[in-house]
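The values are calculated or read from the model by the stated rules, or taken from the named source; none is laboratory data. All of these numbers come straight from a predicted model, not from anything done at the bench. All Cβ positions, even for glycine, are placed from backbone atoms using ideal geometry, and neighbour counts span all protein chains on display.
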Amino acid sequence: MENVQIYLKSFGCSANLADGEVLAGCLADAGYKLADTVKEADVLIYNTCAVKGPTENRMIEILKRVPKDKKLIVAGCLPLINFERLRREVRFDGVVGPAAGDKIVDVVKRVLNGERVIFLKEAAENKPSLNLPRVRLNPLIGIIPISYGCLGSCAYCCVRFARGRLRSYGIQEIVDRVEKDLASGVREFWITSQDTACYGIDIGTNLAELLEALCNLHGDFRIRVGMMTPNGAEKILEDIIRAFKDEHIFKFIHLPVQSGDNHVLKLMRRQYSVEGFKELVKAFRRSFPEITLATDVICGFPGETEEAFNRTLRLIEEVKPDIVNVSKFFARPKTEAARMQRDSVPFSEIKRRSRLASALARMVVSERNQRWIGWTGEVLIDEVGKTAGSWIGRNFAYKPVVVRNSDSDSLLGEKLHVKIVKTFTNYLEGEICD
């Protein structure tokens, strides 16, 4: 076992990255060596994502290129979203679902013994202990899954077939995990879930109560709250705004609107209106004028007319989000939207709409970023920059700030006082103040 090397690569959302950290931790704890490259590994584990059609295609191509002398285990969402395609197109030795936790150790052992392992029974109900070991991708960032699954039934979503129905962790279990990570040097926590707004509904609590418990911990840390559905946020709005007032919480919120047209939202089985979304945004901005608002839109959902699409463009112009993730619609396996062929939008038109929405989003985001020029304040450096001597930090609103300092070997974990001198679409540039 001590000579067996395993290469593990995770793709997709922060929840999947957290799952991958646990897989790596469990394998290292069992005595396996984690390889840095495919070439030196005996076993490859790809912790996959398949939320969109192009993502699934990319996963399949990566898996097809695995050398035949390597053992391959496919983990994550792809096996539950499109197992038939995986079985048809990929040579694999083992398959597990998402959030496999310490079960991965037994799967690896059996694969090394020559078995072909398909471990998908009840995989959509996995909920590994938060006390399992993990190998963090970034030593400063703790990714904490607070629940798995959701309560929605969105017409386009295939992730619910992989992640299942809502299963929340208890507040104390999450608090204990955060305390341990704090003691090991973590300074930034990503609270993640398929929908953080529905956290706790199954166990008689809610997101606001969790955040209040976490903010009562002693230590120098910040919390980024992950994506929440607008309808879920509406139900706990007053409580969540009160919780967000604590300085430990990044003033950042991710509310995916998906469409600016109420009829399309109904077709999507989204449980809110455009008007409700706008009221949510107003409420957060009233309390936190500089909050960073992220949202998502899907272009070309079946039944989206030209006028419906234009309403989405007008919504982006009116609300002016700080981040807009624009996606082209792709029908996903087993979803209701995949059966809406009669109202489908031609793909050439979907691409045109996506280009228009993306161009508008870039313009709006660039405009929004201009307001940060001249801002001075504290940023926590949590990443090495892409160019030599550059570092990336986050301010109180989770805005990425790039600073340059070639005099220091490492600024990771440092809090710096900076002044914003330049803005770009995806980040701000700051100068370190003396």
**Request:** Inspect the range 219-241 for any residue being of a type in the set (G, A, S), more than 20 Å from the chain's Cα centre (by Cα) and modelled with pLDDT under 95 and give the result as yes or no.
**Result:** yes
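Among the residues of the range 163-177 satisfying the criterion of being part of a helix (DSSP H, G or I) and not aliphatic (A, V, I, L, M), which is nearest to E209 (Cα to Cα)? Even if it seems obvious, please write down each step before you answer.
Start the filter on the range 163-177 by keeping residues that are part of a helix (DSSP H, G or I), which leaves 163, 171-177.
Restricting the remaining residues to those that are not aliphatic (A, V, I, L, M) gives 163, 172-173, 176-177.
On the way: R163: 24, Q172: 11, E173: 14, D176: 15, R177: 16 Å.
Once the filter is applied, the top-ranked residue is Q172.
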**Request:** May I ask you to list pairs of residues, at least six apart or on different chains, whose Cβ atoms are under 7 Å apart, with the first in the range 23-42 being surrounded by fewer than 14 Cβ atoms within 10 Å (Cβ to Cβ) and the second being part of a loop (DSSP other than H, G, I, E, B)?
**Result:** G31/M1; G31/E2
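Table: residues versus (1) over 19 Å from the mean Cα position of the chain (by Cα); (2) over 20 Å from P139 (Cα atoms).
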{"position": "I6", "(1), (2)": "yes, yes"}
{"position": "N16", "(1), (2)": "no, no"}
{"position": "A28", "(1), (2)": "yes, no"}
{"position": "I73", "(1), (2)": "yes, yes"}
{"position": "L80", "(1), (2)": "no, yes"}
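Quick one: is A124 at pLDDT 95 or above and either among the aromatic types (F, W, Y) or out of contact with any Asp or Glu (no Cβ under 7 Å at 6 or more places or on another chain) (or both)? Write out each step before concluding.
Details: at pLDDT 95 or above: no; either among the aromatic types (F, W, Y) or out of contact with any Asp or Glu (no Cβ under 7 Å at 6 or more places or on another chain) (or both): yes.
No, not satisfied.
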**Message:** Can you pull out every residue in the range 198-238 that is farther than 16 Å from L166 by Cα and among the acidic types (D, E)?
**Reply:** E209, E212, D220, E234, E238
**Request:** Return yes or no: is E336 assigned by TED's automatic domain parsing to the domain that holds E317 and modelled with pLDDT of 95 or more?
**Result:** no
**Boolean, R332 is more than 30 Å from L78 (Cβ to Cβ), among the basic types (K, R) and crowded, with 19+ Cβ neighbours inside 10 Å** = no
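Being in contact with a Ser or Thr (Cβ under 7 Å, 6 or more places away or on another chain) and β-branched (V, I, T) narrows it down to one of I60, I118, I143, so name that one.
Matching residue, one of I60, I118, I143: I143.
Mind checking which helices (runs of 4 or more DSSP H) fall wholly inside the range 184-257 and carry at least 3 residues that are in contact with a strand residue (DSSP E or B) (Cβ under 8 Å, 6 or more places away or on another chain) and crowded, with 20+ Cβ neighbours inside 10 Å? Lay out the reasoning, then the answer.
On the way: elements: 207-215, 230-235, 237-244.
So the answer is 207-215.
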**Prompt:** Among the residues of the range 225-233, is there at least one that is of a type in the set (S, T, N, Q) and touching a residue at least 60 places away in the same chain (Cβ under 8 Å)?
**Reply:** yes
**Request:** From the list F277, F309, F288, pick out the single residue that is buried (at least 20 other Cβ atoms within 10 Å of the Cβ) and closer than 30 Å to R394 by Cβ.
**Result:** F277
**Asked** Within the range 185-206, how many residues are closer than 19 Å to R134 by Cα and either under 18 Å from the mean Cα position of the chain (by Cα) or free of Cβ contacts under 8 Å to residues at least 12 places away in the same chain (or both)?
**Response** 6
**Message:** Looking at the range 99-120, can you tell me whether even one residue there is under 30 Å from D42 (Cα atoms), outside the structural domain of S10 (by TED's automatic domain parsing), of a type in the set (G, A, S) and buried (at least 18 other Cβ atoms within 10 Å of the Cβ)?
**Reply:** no
**Request:** Report yes if some residue within the range 50-69 is touching a residue at least 12 places away in the same chain (Cβ under 8 Å), in contact with an Asp or Glu (Cβ under 9 Å, 6 or more places away or on another chain) and either acidic (D, E) or under 23 Å from I143 (Cβ atoms) (or both); otherwise report no.
**Result:** yes
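Does the range 261-285 hold any residues that are part of a loop (DSSP other than H, G, I, E, B) and either out of contact with any Phe, Trp or Tyr (no Cβ under 7 Å at 6 or more places or on another chain) or aromatic (F, W, Y) (or both), and which are they?
D261, R269, R270, Q271, Y272, S273
Is it the case that E56 is closer than 15 Å to V90 by Cβ, buried (at least 17 other Cβ atoms within 10 Å of the Cβ), modelled with pLDDT of 95 or more and not hydrophobic (A, V, I, L, M, F, W, C)?
Working: closer than 15 Å to V90 by Cβ: yes; buried (at least 17 other Cβ atoms within 10 Å of the Cβ): yes; modelled with pLDDT of 95 or more: yes; not hydrophobic (A, V, I, L, M, F, W, C): yes.
So E56 passes the test.
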**Request:** Could you grab me the full set of residues in the range 314-349 that are in a loop (DSSP other than H, G, I, E, B) and polar (S, T, N, Q)?
**Result:** T335, S344
**Request:** Please specify each residue of the range 361-411 satisfying the condition of being more than 20 Å from T295 (Cβ to Cβ) and of a type in the set (S, T, Y).
**Result:** T376, T387, S390, S406, S408, S410
